[in-house]
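**Student:** Right, I'll just put the structure down here and ask away after.
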Amino acid sequence: RILIIIVLGLFIMNRCESKFADKMFVNAKIIDADGRQLSGDAIAIKKWKIVQVDAQSELAPLCNNKTEVIDLKGAFLYPGFSDAHLHVESVGKNLLNLNLVGTTSIGKIQQRLKDYSAKNPDLHWIQGSGWDQNDWRTTAFPNHADLDACINERPVALERIDGHALWVNVKALTLAGITKETPDPEASGGKILKDHLGYPTGVLIDNAMNLIWKQIPPDSLEQRTKYILAALEHFASLGLTEVHDAATDEPTISIFKELEQAGRLPIRVYAMAYGGDIINFMKKHEPIIPDINPYFTVRTIKLFSDGALGSRGAYLFEPYSDEPGNYGLLTISEKDLKEIAETAKATGYQVATHAIGDSANRLVLNVYEKILGENIAQYRWRIEHAQVLAPSDIPRFGKLGIIASMQPTHATSDMPWAPARLGAKRVKGAYATKSVWSGGAI
């Protein structure tokens, strides 16, 4: 009988404890997801979830001596800001290594390269990223000679701002065995730019970049962790509460898991598994969902169907207006896309496919529709960027329930040169965010 009384008492105590909030924000101007200010001035939180929004006086019974009360003193409280497409480790590298974002000439890049090389004499490879030839007075792709003039005793590899082109010096070309006779890896969607005599210029597009990446020793897990934490702290400083990491390989997933378990993730990470044998990955690993792991999610796989518009790798129906004969690059076959999509459907993974050109977007839309059949919207599959669309494909996003993960910044960054790439008629189907949303797409 005494044991029953003790157990009953503990049960009642636990029930009483369970009603109290873990955290409460008070004296706040609360804005909901639709931009409306709510009448209440307090929010109660329990186990990472909002329990109630009301006047502070109404929520007082949910507080006890263990509840953390945060007085916002009349400040605004918004739903968390989430960036739906970025690359965490790449941002960390930009922050800690040679950052070329915003450079407006080859001369300025050369100066940064010289300074960085002098400060890092022990680096075997000099790596950097962020250049964009469209920001220069002469918008043609650069040449290895521009890098050779600064550094010729060490290999140099500089990634374009979109991650779809690589600029290297002769030392790097030599180490990779890239010569006049080296063919383009056309089967996988890549291109080695060559001059009028057939010699490599030092610029490699999309999957041709792998010829160089294979020569660069991989960063240690310790160094990669430093990049990731630097990026996440940077995002947190900007007010982001979640980021979608749009291409996360297995070692990076392991790093995120360790950081989450150690309580070191400052914001939530929604990772898209990428690389290696992605079909085998989906069969071996069940999705990681928020209810199990509140700061780290892996329920999506990332695929690439083409390259980028700035490097003329986006796959188009008609040739580039400023480069006749070039249709861009298809980086995955329809057969492979279907096989991976079928596995994702069977294993419960969301699919997010990079598609920038109108032809690439049509291919992905067609495959999604064929694989998912009816009730497509319930799967919440995504197309990343959806940047250049045929007019007939714009309403398909809303009709099929495909998420259009579009980035408005592309419209502003590409504005000076997109009409030259696409021509006056075709550019009308580019960056059509309002038209896609008006058609009912998410």
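**Student:** Within the stretch 156-178, can you find the residues that are assigned to a loop (DSSP other than H, G, I, E, B) and buried (at least 24 other Cβ atoms within 10 Å of the Cβ)?
**Tutor:** His164, Asn169 - these are the residues of the stretch 156-178 that are assigned to a loop (DSSP other than H, G, I, E, B) and buried (at least 24 other Cβ atoms within 10 Å of the Cβ).
**Student:** Going residue by residue through the stretch 343-356, is there one that turns out to be among the aromatic types (Phe, Trp, Tyr) and closer than 20 Å to Arg426 by Cα?
**Tutor:** Checked the stretch 343-356: no residue is among the aromatic types (Phe, Trp, Tyr) and closer than 20 Å to Arg426 by Cα.
**Student:** Let me ask something additional. Please indicate, with yes or no, whether at least one residue in the stretch 232-246 is touching a Phe, Trp or Tyr at 6+ places or on another chain (Cβ under 6 Å) and within 27 Å of Gln133 (Cβ to Cβ).
**Tutor:** So far as the stretch 232-246 goes, no, none of its residues is touching a Phe, Trp or Tyr at 6+ places or on another chain (Cβ under 6 Å) and within 27 Å of Gln133 (Cβ to Cβ).
**Student:** Let me ask another. Looking at Tyr431, Tyr349, which one is more than 28 Å from Arg312 (Cβ to Cβ) and of a type in the set (Phe, Trp, Tyr)?
**Tutor:** Selected residue: Tyr349, the only one of Tyr431, Tyr349 that is more than 28 Å from Arg312 (Cβ to Cβ) and of a type in the set (Phe, Trp, Tyr).
**Student:** Count, please, the residues in the stretch 130-155 that happen to be assigned to a helix (DSSP H, G or I), touching an Asp or Glu at 6+ places or on another chain (Cβ under 9 Å) and at pLDDT 95 or above. Lay out the reasoning, then the answer.
**Tutor:** Just the residues of the stretch 130-155 that are assigned to a helix (DSSP H, G or I), to begin with: 133-135, 144-148.
Now narrow it down to the ones that are touching an Asp or Glu at 6+ places or on another chain (Cβ under 9 Å): 134.
Narrowing further to those that are at pLDDT 95 or above: none.
Selection size over the stretch 130-155: 0.
**Student:** Let me ask something additional. How about the stretch 179-285: which strands (runs of 3 or more DSSP E) wholly inside it have at least 1 residues that are on the phi > 0 side of the Ramachandran plot?
**Tutor:** 200-206, 240-248
**Student:** Right, another one. Of the residues in the stretch 341-379, how many are in a loop (DSSP other than H, G, I, E, B) and among the hydroxyl-bearing types (Ser, Thr, Tyr)?
**Tutor:** 1
**Student:** In the stretch 380-389, which residue that is outside any strand (DSSP E or B) and under 14 Å from Tyr431 (Cβ atoms) is farthest from the chain's Cα centre (by Cα)?
**Tutor:** At the first step, the residues of the stretch 380-389 found to be outside any strand (DSSP E or B) are 380-381, 386-387, 389.
Keeping just the survivors that are under 14 Å from Tyr431 (Cβ atoms) gives 386-387, 389.
Details: Ala386: 14, Gln387: 15, Leu389: 21 Å.
Filtering the stretch 380-389 for residues that are outside any strand (DSSP E or B) and under 14 Å from Tyr431 (Cβ atoms), the one farthest from the chain's Cα centre (by Cα) comes out as Leu389.
**Student:** On the basis of being under 27 Å from Ala352 (Cβ atoms) and surrounded by fewer than 14 Cβ atoms within 10 Å (Cβ to Cβ), does Trp131 make the cut?
**Tutor:** No.
**Student:** Now for a separate question. Across the stretch 158-192, what is the total count of residues that are under 20 Å from Gly357 (Cβ atoms), touching a Gly at 6+ places or on another chain (Cβ under 8 Å) and aliphatic (A, V, I, L, M)?
**Tutor:** Final tally of qualifying residues: 2.
**Student:** Which residues, taken from the stretch 416-433, are among the small types (Gly, Ala, Ser) and either in the same structural domain as Asp135 (by TED's automatic domain parsing) or on the phi > 0 side of the Ramachandran plot (or both)?
**Tutor:** The one that is among the small types (Gly, Ala, Ser) and either in the same structural domain as Asp135 (by TED's automatic domain parsing) or on the phi > 0 side of the Ramachandran plot (or both): Gly423.
**Student:** Another one. Within the stretch 66-77, is even one residue closer than 20 Å to Leu204 by Cβ, touching a strand residue (DSSP E or B) at 6+ places or on another chain (Cβ under 8 Å) and in contact (Cβ under 8 Å) with a residue 12 or more places away in the chain?
**Tutor:** no
**Student:** Given the conditions (1) surrounded by fewer than 14 Cβ atoms within 10 Å (Cβ to Cβ); (2) aliphatic (A, V, I, L, M); (3) under 28 Å from Ile192 (Cβ atoms), which single one is not true for Ile289?
**Tutor:** Of the numbered conditions (1) surrounded by fewer than 14 Cβ atoms within 10 Å (Cβ to Cβ); (2) aliphatic (A, V, I, L, M); (3) under 28 Å from Ile192 (Cβ atoms), the odd one out for Ile289 is (3).
**Student:** Please verify whether the stretch 416-434 includes one or more residues that are more than 29 Å from Asp135 (Cα to Cα) and at pLDDT 95 or above.
**Tutor:** no
**Student:** Sticking with this one: If you go through the stretch 150-180, how many residues are closer than 20 Å to Gly130 by Cβ and not hydrophobic (A, V, I, L, M, F, W, C)?
**Tutor:** Within the stretch 150-180, residues that are closer than 20 Å to Gly130 by Cβ and not hydrophobic (A, V, I, L, M, F, W, C) number 8.
**Student:** I would also like to ask the following. So, Gly107, is that one more than 20 Å from Met415 (Cβ to Cβ), touching a strand residue (DSSP E or B) at 6+ places or on another chain (Cβ under 8 Å) and modelled with pLDDT of 95 or more or not?
**Tutor:** Spelling it out, it is not the case that Gly107 is more than 20 Å from Met415 (Cβ to Cβ), touching a strand residue (DSSP E or B) at 6+ places or on another chain (Cβ under 8 Å) and modelled with pLDDT of 95 or more.
**Student:** Follow-up question, since we're still on this one. Would you check which residues across the stretch 193-217 are within 25 Å of Lys335 (Cβ to Cβ) and surrounded by 18 or more Cβ atoms within 10 Å (Cβ to Cβ) and list them?
**Tutor:** Residues satisfying the conditions are Ile205, Asp206, Asn207, Ala208, Met209, Leu211.
**Student:** Next question, about the same structure. Which pairs have Cβ atoms under 8 Å, sit 6 or more apart or on different chains, and link a residue in the stretch 324-346 that is more than 17 Å from Asn366 (Cβ to Cβ) and of a type in the set (S, T, N, Q) to one that is in a helix (DSSP H, G or I) and modelled with pLDDT of 95 or more?
**Tutor:** Thr343/Ile279; Thr343/Met282; Thr343/Lys283
**Student:** What number of residues within the stretch 134-155 are surrounded by fewer than 20 Cβ atoms within 10 Å (Cβ to Cβ), over 30 Å from Ala411 (Cα atoms) and not charged (D, E, K, R)?
**Tutor:** Of the residues in the stretch 134-155, 5 are surrounded by fewer than 20 Cβ atoms within 10 Å (Cβ to Cβ), over 30 Å from Ala411 (Cα atoms) and not charged (D, E, K, R).
**Student:** Of all residues being small (Gly, Ala, Ser) and under 24 Å from the mean Cα position of the chain (by Cα) in the stretch 132-174, which is farthest from Asp322 (Cα to Cα)? Just the residue, please.
**Tutor:** Filtering first and then ranking leaves Ala157.
The values are calculated or read from the model by the stated rules, or taken from the named source; none is laboratory data. This one's a predicted model, so the numbers in the text were calculated from it and none came from an experiment. Cβ coordinates were reconstructed from backbone atoms using ideal geometry, including for glycine residues, and neighbour counts include every protein chain displayed.
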